[in-house]
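Taking it in order: structure first as structure tokens, then the write-up.
The values are calculated or read from the model by the stated rules, or taken from the named source; none is laboratory data. Because the structure is a prediction, the values reported are computed rather than measured. Cβ sites come from the backbone with ideal geometry, for glycine too, and all protein chains shown count toward neighbours. Ligands, DNA and RNA are stripped out before the accessible areas are found, and what is left, the full protein with its side chains, is counted by its heavy atoms. Shrake-Rupley method; radii C 1.70, N 1.55, O 1.52, S 1.80 Å.
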Amino acid sequence: MEVVDLTRELVSIPSHEDETAAGDYIEAWLRRETDADVHRDGAGNVIARKGSGGETLALVGHHDVVEPAASQIAASTDGDSEYALEERDGRLYGRGAADMKGAVAAAMLAFRDSEVPPASSGETTSGNATPGGELIFASFVGEEVGGVGARHAIDRGFAPDYAVVGEGSTGYSSPGVTDVAIAHKGRRGSTITARGEAAHASEVGAGENAIYRATDAVDRVRDLEPPSVEVAGETLEGSLAVTEIEGGSAMNVVPDRCELTVDERTVPGERAALERVTDLEGVEWTVDQDLPPMRCDDEAFAEAVLEAADAAQPGSPELITKPHATDAGWLAAAGAECVICGAAEPGEAHTEDESVSLEVLERCWETYRRLAASWLN
């Protein structure tokens, strides 16, 4: 199977510390296999375009991975390290197979195989699509470290009308079925800093205890109501958790500083009112990371992707939500209508035995190809 061979090639290339070699391979393949306009930007993203006029549809992935386990590294024939691969029981095992070089391979092939008709001055066709259009393939760097590549591309004008991000959506509604995610949570990481005045612990009244002020902030966080929204017939719930605390300098000193970290899972359109902790005396709040949530508000596009996924598999896919932030959040925040459709299953990413179903890789290739054919024609 061509998609399996291409996935094997991509997965074997180390890309947890430096994505350059993987990007080189993707760029060279696109230049060799397509007549598209292929661009490598300053961050290392690989972006290819074909067609013009009308609306733009992007097939999006990322070729960076998290650090592999020792068992996922093998010596290559030339003495350099590469990622280990094993194929058994209808699955391909290796770092990045699920998250998400398998979906990148499927998108590369679908991009190659798709014909984009030229733009015309005819009437609008059904389902929001206009005659002609542009098909884009994009594989970003730095997704695993906060969407570095996606943000770089967006800041420099990457703005598709519609995007399918190939993160995992298989096995959510039922085992083995590749669904279509139309929303996911985001993540906001914050630091709460409480400041006081140091004093000797034998004279507690001479100081202001920063830890006490921090515990007041903890109480305030615990009293906040995490937001929730209704999407695809289910409730997508946010959450708040104080995850770290650090303060004090010695057993006999009233502390003048205490820091807390807060993990917040955000939902589309809503945030917890964490700024309320700053009403407390001596308490500051800073946001360290803010990965945006995503929700697709274009029902016609979501249904078109669902129809393509349904036609590509024996099971019955559904519109679902995901708990994890992805590059779709950055694209949605920039104005793209996004969905997620990919091969990875819950619990596969970032594990020592990460793997992907070969059958599902074929399914994703077919889904992306069918969508491009229907949406841009």
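When the surface is traced with a 1.4 Å probe over the full set of protein chains, W330 keeps roughly 50 Å² accessible.
The helix-only estimate of mean residue ellipticity at 222 nm for the chain, built from DSSP H runs of length n ≥ 4 each weighted as -39500 (n - 2.57), is -8000 deg cm²/dmol after division by the residue total. Where both residues lie in the chain, what percent of DSSP beta bridges are antiparallel, nearest 5? Roughly 75 percent of the DSSP beta bridges within the chain come out antiparallel. Ratio of the chain's C-alpha Rg to 2.2 N^0.38 Å, to two decimals? After normalising by residue count via 2.2 N^0.38 Å, the value is 1.13. Placing V287, V339 in order of accessible area, with the largest value first and a 1.4 Å probe, yields V287, V339. Summing charges over neighbours of A28, with a neighbour being any other residue whose Cβ is under 12 Å away from its Cβ, gives -1 when K and R count +1 and D and E count -1. Legend: calculated FRET efficiency, A28 to T191, from the Cβ-Cβ distance at R0 = 51 Å, rounded to 0.05, equals 0.75. Compute the distance from the alpha-carbon center of segment 137-211 to that of segment 334-369, in whole Å. For segment 137-211 versus segment 334-369, the Cα centre distance is 20 Å. Largest GNM mean-square fluctuation across A199, A69, A309, computed for the chain with C-alpha springs under 10 Å, falls on A199. Comparing G238, G44, G282 in a Gaussian network model of the chain, where Cα atoms under 10 Å apart are tied by springs, the biggest mean-square fluctuation is seen for G282.
Of the solvent-accessible surface of segment 194-276, computed with a 1.4 Å probe and all protein chains present, 43% belongs to carbon and sulfur. Taking other residues whose beta carbon is less than 13 angstrom from the beta carbon of S190, and scoring Lys, Arg as +1 and Asp, Glu as -1, yields -2. Using a Gaussian network model of the chain in which every pair of alpha carbons under 10 angstrom is joined by a spring, one finds that among A74, A58, A332 the greatest mean-square fluctuation is at A74. Label-point separation (nm) for A241 and A206, each offset 7 Å from Cα along Cα-to-Cβ? With each label placed 7 Å out from Cα toward Cβ, I get 4.1 nm. At an R0 of 22 angstrom, the distance between the Cβ atoms of S249 and D219 translates into a FRET efficiency of 0.40. Spin-label pair V66-D113: with each label point 7 Å from Cα along the Cα-Cβ axis, the two points sit 3.1 nm from one another.
In this view, the solvent-accessible surface of R370, computed with a 1.4 Å probe and all protein chains in place, comes to about 90 Å². In plain terms, if you count all Cα to Cα distances in segment 299-377 and split them into 10 Å steps from zero, the share in each step is 16, 44, 35, 5, 0 percent.
Annotation: extensible slack from E270 through E87 equals 61.6 nm (criterion: 0.36 nm per residue apart, minus Cα-Cα distance).
Could you work out the local net charge near E318, counting Lys and Arg as +1, Asp and Glu as -1, over the other residues with Cβ closer than 11 Å to its Cβ? Residues close to E318 contribute a combined charge of -3. Once the mean of 1/r is taken over each pair of separate Cα atoms and inverted, segment 186-288 shows a Kirkwood hydrodynamic radius of 14.6 Å.
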